[in-house]
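The values are calculated or read from the model by the stated rules, or taken from the named source; none is laboratory data. Not measured: the values here are computed from a predicted model. Methodologically, a virtual Cβ is constructed for each residue, glycine included, from the backbone with ideal geometry; neighbour enumeration extends over all protein chains shown. In case anyone asks, the SASA skips ligands and DNA or RNA and just uses the protein heavy atoms, side chains included. Shrake-Rupley method; radii C 1.70, N 1.55, O 1.52, S 1.80 Å.
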Protein chains: 2
Amino acid sequence: MSTAVAPDVAERLRSAQRAARQIGLLDDAAKVALLTGIADEILAQTPAIIEANAADLARGDAEGISAGLRDRLLLDAARVAALADAVRAVAELPDPVGRVLDERELANGVRLQKVAVPFGVVASIYEARPNVTVDITALALRSGNAVALRGGSAAQSTNGALIAAMRSALVAAGVDPGGIQSVDDLGRDGARALMRARGLVDVLVPRGSAQLIETVVTESTVPVIETGAGVVHIVLDESAPLEWARDIVVNAKTQRPSVCNAVETVLVVRSAADRLIPPVSDALIAAGVTIHGDAEVQQRVPAAVAATDDDWATEHMSLDLSMRVVDDLDEAIEHIRRYSTMHTESIITADDANAERFLAEVDAAVVMANASTRFTDGGEFGFGAEVGISTQKLHARGPMGLPELTSTKWLARGAGQTRA
Amino acid sequence: MSTAVAPDVAERLRSAQRAARQIGLLDDAAKVALLTGIADEILAQTPAIIEANAADLARGDAEGISAGLRDRLLLDAARVAALADAVRAVAELPDPVGRVLDERELANGVRLQKVAVPFGVVASIYEARPNVTVDITALALRSGNAVALRGGSAAQSTNGALIAAMRSALVAAGVDPGGIQSVDDLGRDGARALMRARGLVDVLVPRGSAQLIETVVTESTVPVIETGAGVVHIVLDESAPLEWARDIVVNAKTQRPSVCNAVETVLVVRSAADRLIPPVSDALIAAGVTIHGDAEVQQRVPAAVAATDDDWATEHMSLDLSMRVVDDLDEAIEHIRRYSTMHTESIITADDANAERFLAEVDAAVVMANASTRFTDGGEFGFGAEVGISTQKLHARGPMGLPELTSTKWLARGAGQTRA
């Protein structure tokens, strides 16, 4: 089934599969030691990592990369230390492998157990963020998996140095270094090969822009966990307390505007429009937000720009917010159905029946009443780490922790039983 | 995202989505009543169903369909009654929707619940088996989903009559009949449209031949649960008790040779070859099995035919069995890694350490010690019904019951909390 994969990539993935067998059988203590060794080695190789990073930065500067990309790419000693600390934090999480998820005994005495097992080979395609290289590797190894990486080409030298450090730690721990593979040197062909490597890659997790994720989801023949894009709504219901409405909308938009759980559209029920729109908008504007309003919003907010049809489908990722007046909760839910990316939706209301109706009827990974959409986060949920936020319905939905990097296996123990 | 879907199919799927919102909110009693109504209506429309089936049979006879296909296609009054009974059995299963799977309270007082919710629209592509039309519909509705069906064209008239009966029952129960959709009239274009309907189909479950499943898995852009193909192995370890080895191998091969959990290859550790191969083979041959053996098996079993390289990768689905002598357990596990479809693998041994090693190291949906592979079955596992047997690692692995037709949703209930 993997005949379409470039031979060199197939060979690397087979190497990852061999290593995965060993890594999958490591016990908790061995995995903790392995990750601790990786953190130590990253720290020890700080000079080499920073040197490699300087090469990426120089190439980027010559190509005129944006200030944002340059900042995400840049590693200094403090940032390298933070990478090592992140690995130590993953080491401290409970081992997700071996959990008994179901147990039953058949009438004939066969004992069944459903246990959590590693996937095998976890692949990731992501952008030029060196921290993802380390994060995904730590999460994959902690959950007993090998990993195959394809990072953004702008970070290729940095990723190479990080991977070299991590592989050294595997060797030092007596673990097959084939457990960490990269296809960065193969450019887009490497990404394409990962997407087509049925039978060699067990699950592929894209991380990055909506466009990257859409490409991976559409082109992959391996199982994908879709993460990310968030056109997130907050509904201000007729009974929404002003203080909650104002605090939550401002928090959800401005606390970190560039992330997927930031709100993009506020829908205000008409009967609350005069009461809520002016003070909520004032607070937003004071925080530097540009409001893209429909006509009814613009009547009440002189500073609002006119919302276009595109605004409703846009993940601004900036201090821009779309705002619309709706007839009632029905129309709010209908708007969400049309434009939601099924990430996070929240209602602000003092009416319990409306809150419960919203929670029941809205289809998203996380549906909230009276809380900031910024809480959709593995750290906030208490998972200790986050693989990503799944916006698909298969396997995992919402923030994913280590357990979401495991599959299951049924074990059956008998004494000669046959089926009647 | 669904622009590639033929407009008429997209319209049917949007109709299914609308109905899914209603079906997803039905409580347990309403779903039981709905399924009871479907069973009653199938029974009441027995004459129309048999008439439609006669048309399919006549067309099939004219086209010279095989006896096996004709038998799977044929419905008489008793078989229609069995279809209705199968729906009643699904009605009796516990409601999988609304289960609280996780619950946590954040330090700031936000209460989180992870609850089981319907997928929305479940699609299935399958072969000319009218019972699948009824089974999948009952399972999907019982778990709160709408369903979109594409059955084999040889059963098109029968499926039409069954779907008409089931939709009548929806209307009688006040449920939107758009909850059952078929694209049978569109031939292969219908199947292709289902596979590409991202955003309209939440999960696609293919049921049928290995080739059908491979096509669906490779061509789909919607999430797929891969079911089925089973190149199933039994290893006879050095210490395998003869009686267990003989009974389990004969049971696993002959009790129902045409199904995916039947054994296809027996691997015998060399040190047990003289002791086990002759009596196990005698019992198999007495049961009508043709043994495809390697040279060492042929030495011991004069009636064995020579195994070809293809035999090891073949799901015979007949009274044929591949048999090979291996050096030791290492080689047995290596053979399984190479040829397994990760469905079910079993070892027969009196050595607990070898049993546990096999259970830990073999990567398959179900790994057994000292039990017949025929136990890999939703009914045998006590699920009460079976959606299929997943051979993938994402979302569900092994026999799937009703809970596997649900996704999850996080509910967050707060009182104005914002993120610090």
- Does region A:350-366 contain at least one residue that is of a type outside the set (Lys, Arg), in contact with a Leu (Cβ under 9 Å, 6 or more places away or on another chain), within 11 Å of another protein chain (Cβ to nearest Cβ) and crowded, with 23+ Cβ neighbours inside 10 Å? yes
- Item | Residue selected from region A:169-206 under the condition of a type in the set (D, E, K, R) and within 23 Å of A:Glu404 (Cα to Cα), by the criterion modelled with the lowest pLDDT | A:Arg198
- Checking B:Val122, B:Val110, B:Val117 in turn, the sole residue that is on the phi < 0 side of the Ramachandran plot, within 14 Å of chain A (Cβ to nearest Cβ), touching a residue at least 12 places away in the same chain (Cβ under 8 Å) and open to solvent by 10 Å² or more (accessible area, probe 1.4 Å) turns out to be B:Val117
- Considering each residue of region A:368-392, count those that are in contact with a Pro (Cβ under 7 Å, 6 or more places away or on another chain), facing chain B (nearest Cβ under 7 Å) and open to solvent by 10 Å² or more (accessible area, probe 1.4 Å), and give that number. 1
- Message: Out of A:Arg192, A:Arg188, I need the residue that is out of contact with any strand residue (DSSP E or B) (no Cβ under 7 Å at 6 or more places or on another chain), without any contact (Cβ under 8 Å) to a residue 12 or more places away in the chain and in a helix (DSSP H, G or I). Which one?
- Response: A:Arg188
- Message: Name the residue that is nearest to the other protein chains (Cβ to nearest Cβ), counting only residues in region B:223-238 that are open to solvent by less than 10 Å² (accessible area, probe 1.4 Å) and part of a loop (DSSP other than H, G, I, E, B).
- Response: B:Ile225
- Message: Please list, ordered by residue number, the helices (runs of 4 or more DSSP H) wholly in region A:239-315 having 3 or more residues that are small (Gly, Ala, Ser) and away from chain B (no Cβ under 14 Å).
- Response: A:273-286
- Query: Across region A:361-380, what is the number of residues that are hydrophobic (A, V, I, L, M, F, W, C) and without any contact (Cβ under 8 Å) to a residue 24 or more places away in the chain?
  - Reply: 2
- Message: Can you confirm whether A:Asp27 is loosely packed, with under 14 Cβ neighbours inside 10 Å, farther than 21 Å from A:Gln181 by Cα and within 14 Å of chain B (Cβ to nearest Cβ)?
- Response: yes
- Query: Which of the residues that make up region A:197-219 are of a type outside the set (D, E, K, R), over 26 Å from A:Leu69 (Cα atoms) and at the interface with chain B (Cβ under 9 Å from one of its Cβ atoms)?
  - Reply: A:Val203
- State whether one or more residues within region B:229-243 are touching a residue at least 12 places away in the same chain (Cβ under 8 Å) and on the phi > 0 side of the Ramachandran plot. no
- When region B:89-107 is checked residue by residue, the ones that are more than 10 Å from every other protein chain (Cβ to nearest Cβ), closer than 25 Å to B:Gly379 by Cα and not β-branched (Val, Ile, Thr) are B:Ala89, B:Ala91, B:Glu92, B:Leu93, B:Pro94, B:Asp95, B:Pro96, B:Arg99, B:Leu101
- Message: Restricting to region B:85-107, name every residue that is in contact (Cβ under 8 Å) with a residue 24 or more places away in the chain and farther than 22 Å from B:Ile136 by Cβ.
- Response: B:Leu101, B:Leu106
- Got at least one residue in region A:312-334 being touching a Ser or Thr at 6+ places or on another chain (Cβ under 8 Å), open to solvent by 10 Å² or more (accessible area, probe 1.4 Å) and of a type in the set (Val, Ile, Thr)? yes
- Restricting attention to region B:243-275, the residues that are among the aromatic types (Phe, Trp, Tyr) and surrounded by fewer than 21 Cβ atoms within 10 Å (Cβ to Cβ) number exactly 0
- Just one of the numbered conditions (1) open to solvent by 10 Å² or more (accessible area, probe 1.4 Å); (2) within 30 Å of A:Arg14 (Cα to Cα); (3) of a type outside the set (A, V, I, L, M); (4) under 15 Å from the mean Cα position of the chain (by Cα) is not true of A:Pro206; which one? (1)
- State all residues of region A:319-348 that are under 15 Å from A:Met368 (Cβ atoms), β-branched (Val, Ile, Thr) and not in a helix (DSSP H, G or I); if no residue qualifies, say none. A:Thr344, A:Ile347, A:Ile348
- Matching residues in region B:379-390 (assigned to a loop (DSSP other than H, G, I, E, B) and under 9 Å from the mean Cα position of the chain (by Cα)) number 2
- Task: Kindly check whether there is at least one residue in region A:405-420 that is within 30 Å of A:Glu105 (Cα to Cα), more than 10 Å from chain B (Cβ to nearest Cβ) and not basic (Lys, Arg).
- Result: yes
